[in-house]
1. On the given criteria, is Leu40 loosely packed, with under 15 Cβ neighbours inside 10 Å, of a type in the set (A, V, I, L, M, F, W, C) and at pLDDT below 95?
2. Is there a residue in the stretch 74-92 that is of a type in the set (Ser, Thr, Tyr), under 24 Å from Glu45 (Cβ atoms) and part of a helix (DSSP H, G or I)?
3. Please find, among Ser142, Ser93, Ser75, Ser138, the residue that is modelled with pLDDT under 95 and closer than 21 Å to Ser28 by Cα.
4. Can you name the number of the only condition in (1) out of contact with any helix residue (DSSP H, G or I) (no Cβ under 7 Å at 6 or more places or on another chain); (2) without any contact (Cβ under 8 Å) to a residue 60 or more places away in the chain that Asn89 fails?
5. Name the residue, out of Ile36, Ile67, Ile133, that is free of Cβ contacts under 8 Å to residues at least 40 places away in the same chain and β-branched (Val, Ile, Thr).
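The values are calculated or read from the model by the stated rules, or taken from the named source; none is laboratory data. All of these numbers come straight from a predicted model, not from anything done at the bench. With ideal geometry, Cβ positions are generated from the backbone for all residues, glycine too; neighbour counts draw on all protein chains shown.
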Amino acid sequence: MITINIYTVKQVKEKGTRYNLDTKVIRSPRDAYHIIQTVLDLEHEACEKFGILTLNTKNAIAGVHIISIGNLNSSIVHPREVFKAAILNNAASIVCFHNHPSGNTSVSQEDICITRRLIEVGEMMGIEVIDHIIIGESRFVSLKEQGIAF
């Protein structure tokens with residue numbers, strides 16, 4: 001006789017908080033930035049954080065997830081962790097984001113590489129990566145708007 005474990009995966013909502021927002025639908029990078037800043041205020045963080053907004057089929061936010069917390073100038077991001085959160089949240093698409101604690105929103109080669117990798121994995125999984133937003137001090141850059149990696 002052998003034992004085989006049976007598992008059930010369930011999503012548990014950590015908390016629901018009301019925010020003074022005009023909409024929860026993402027129509028532009030500015031919409032995403034505004035929501036990220038309202039919920040997380042990343043421009044004042046001392047370490048780099050990478051996260052995703054999960055979106056439903058109408059581009060409304062289903063959830064906000066911090067995937068990785070790094071150090072002063074980097075964070076480790078693995079597609080497995082990004083898409084695990086997206087799948088558990090039944091996301092049709094995602095917006096990736098991370099902050100640069102230095103306040104500088106320059107796009108690094110590492111930013112481009114992880115964005116391309118996430119887009120590729122997302123295509124295989126049927127979860128579109130809509131954008132990757134880098135947040136600095138009182139500003140942001142959209143890799144999609146810049147034509148980088150998309």
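1. Numbers: loosely packed, with under 15 Cβ neighbours inside 10 Å: no; of a type in the set (A, V, I, L, M, F, W, C): yes; at pLDDT below 95: yes.
When the stated conditions are applied, Leu40 does not pass them.
2. So the first thing to find is which residues in the stretch 74-92 are of a type in the set (Ser, Thr, Tyr), and the list is 74-75.
Of the ones still in play, those that are also under 24 Å from Glu45 (Cβ atoms) are 74-75.
Subsequent filtering for residues that are part of a helix (DSSP H, G or I) retains none.
Among the residues of the stretch 74-92, not one is of a type in the set (Ser, Thr, Tyr), under 24 Å from Glu45 (Cβ atoms) and part of a helix (DSSP H, G or I), which makes the answer no.
3. Working: Ser142 fails: modelled with pLDDT under 95; Ser93 fails: modelled with pLDDT under 95; Ser75 fails: closer than 21 Å to Ser28 by Cα.
Answer to the selection: Ser138.
4. The one condition Asn89 does not meet is (2).
5. Numbers: Ile36 fails: free of Cβ contacts under 8 Å to residues at least 40 places away in the same chain; Ile133 fails: free of Cβ contacts under 8 Å to residues at least 40 places away in the same chain.
Result of the check over Ile36, Ile67, Ile133: Ile67.
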